[in-house]
Amino acid sequence: MKKSIVLIACLACSLIAGAQAKKPTLMVMPSDAWCYQNGFTKEIPDGEGHTAQIADYDEALRTSMDLKLAIAKINDLMAERGFPLKDLEQQLKIIRQQTAEQNIVSSKAGNELAESPIDNLLRVAKADIIVELTWDVKEQGPKRTLSYILEGKDSYTGKSIGGSNGTSSPSFSADMTVLLEEAVVAHIDNFNNRLQNYFDDLFANGREVALDIRVFADNAAGIDLESEVGPDKEELSEVIDAWMAENTVQGRFTKLGSSENYVSYEQVRIPLYNAKGVAIDTEAFARQLRTYLRKEPFNIPVKVMNRGLGKCILVLGEK
């Protein structure tokens with residue numbers, strides 16, 4: 001009898017844990033390939049005197065009803081399976097409202113760092129995974145078929161997580177959204193399982209981000225990364241290395257090239273949530289390091305600058 005009670009209790013706990021398991025937040029958006037094929041692109045300065053061509057999501061959503069319907073359909077299918085969603089159109093509206101303060105961030109001395117529109121979108125949306133959608137409708141006489149591709153990408157790193165593709169049955173009368181649903185439904189659960197498995201790995205091993213540490217030239221604090229700081233007179237770069245080892249998940253990060261004026265960290269594994277269960281992004285993690293350096297015994301002015309959702313730059317010597 002006691003064994004039965006214990007077994008039932010264990011099963012109940014397992015069911016509760018499964019029901020409470022966190023799912024990744026998704027944002028469905030058209031792929032670059034779809035935008036280029038349909039003429040929804042724009043040029044932006046690349047910072048080196050040239051221009052780069054990027055997808056124009058605003059224009060695509062304003063003029064393509066098929067895109068709005070396709071995104072809505074995929075959103076519905078994902079929502080039915082319990083995935084939290086960020087709506088692309090709503091995120092773009094938020095960005096338009098914040099344009100004045102987000103176009104350029106600068107130091108008080110005039111140093112500045114521009115952020116690309118796509119970096120800005122991902123940072124504002126803060127979705128865990130981007131689901132890129134491509135589709136094409138072909139006509140064969142009076143019949144139509146729809147082929148689609150879904151690709152999941154880590155919004156912080158841009159790395160591909162997994163994909164799904166398929167083709168609907170030929171139809172005389174079905175509209176685009178019906179054909180899309182028919183093509184997607186047969187494969188969507190396997191696709192979602194890959195997304196969930198990836199998110200579960202992030203939950204266990206930390207999210208991968210990047211941090212750059214730089215130094216303002218001729219800064220008022222008179223410091224660089226080789227400066228000896230604190231009571232033990234350690235080099236500042238060593239102090240930062242030690243903090244990274246203590247605050248990353250399992251001390252996991254990769255230190256790339258460094259000098260007295262910069263150091264770069266990649267594959268930095270940060271926890272998804274803090275002790276209170278609040279989500280942590282790259283900026284929140286970077287601000288923790290800023291707080292550490294600004295306090296005694298270091299008293300170093302630090303400015304945090306975003307470079308998209310998965311990267312921050314901390315500049316030492318000024319605010």
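For segment 179-230, the fraction of alpha-carbon pairs lying more than 18 Å apart is 65 percent, rounded to a whole number.
The label point for VAL278 and the one for ALA217, both projected 7 Å from the Cα toward the Cβ, are 3.8 nm apart. For the chain, carbon and sulfur atoms together expose 49% of the accessible surface, with a 1.4 angstrom probe and every protein chain in place. If one computes P(r) from the Cα atoms of segment 35-82, what percent of pairs lie at distances over 13 Å? That tail contains 65 percent of the Cα-Cα pairs.
For the residues LYS42, LYS126, LYS233, LYS303, a 1.4 Å probe over the protein chains yields an accessible-area ranking, largest first, of LYS233, LYS126, LYS42, LYS303. Going by alpha carbons, how many degrees (0 to 90, nearest 10) lie between the helix axis of 65-80 and the longest principal axis of the chain? Here the helix axis deviates by roughly 80 degrees.
The calculated FRET efficiency for SER116 paired with ASP175, based on their beta-carbon distance and R0 = 25 Å, is about 0.10. The angle between the Cα long axis of helix 282-294 and the longest principal axis of the Cα atoms of the chain comes to about 10 degrees, rounded to the nearest 10.
Which part of segment 70-85 falls in the paramagnetic zone of PHE203, meaning amide N under 19 Å from the point 7 Å along Cα-to-beta-carbon? Once the point is set 7 Å along Cα→Cβ of PHE203, 78-85 turn out to lie under 19 Å by backbone N, inside segment 70-85. Summed over the residues of the chain and divided among them, the accessible surface reaches 53 Å² per residue at a probe radius of 1.4 Å. Evaluated on the chain, the Kirkwood hydrodynamic radius is 22.4 Å, with distances taken between all distinct Cα atoms.
Near ILE149: Cβ cut-off under 11 Å, other residues only, Lys/Arg at +1 and Asp/Glu at -1. The net charge is -3. Pull out a ≥ b ≥ c, the square roots of the eigenvalues of the alpha-carbon gyration tensor of segment 251-319, then state rounded if a/c is under 1.5, prolate if not and a/b is larger than b/c, and oblate in the remaining case. Since a/c reaches 1.5 but b/c is at least a/b, the shape of segment 251-319 is classed as oblate.
What are the chymotrypsin sites (Phe, Trp or Tyr not before Pro) within segment 134-216 that DSSP puts in a loop, where the Cβ has at most 14 other Cβ atoms within 10 Å? Listed in order of number, the matching sites are PHE172. If you wrap the tightest convex hull around every Cα atom of segment 196-295 and split its volume per residue, you get 109 Å³.
The values are calculated or read from the model by the stated rules, or taken from the named source; none is laboratory data. Keep in mind that what you see is a predicted model, and the values were worked out from it rather than measured. Reconstructed Cβ throughout: ideal geometry from the backbone, glycine too, with neighbour counts over all protein chains shown. These area figures cover heavy atoms from the full protein model, side chains too; ligands, DNA and RNA do not enter into them. Shrake-Rupley method; radii C 1.70, N 1.55, O 1.52, S 1.80 Å.
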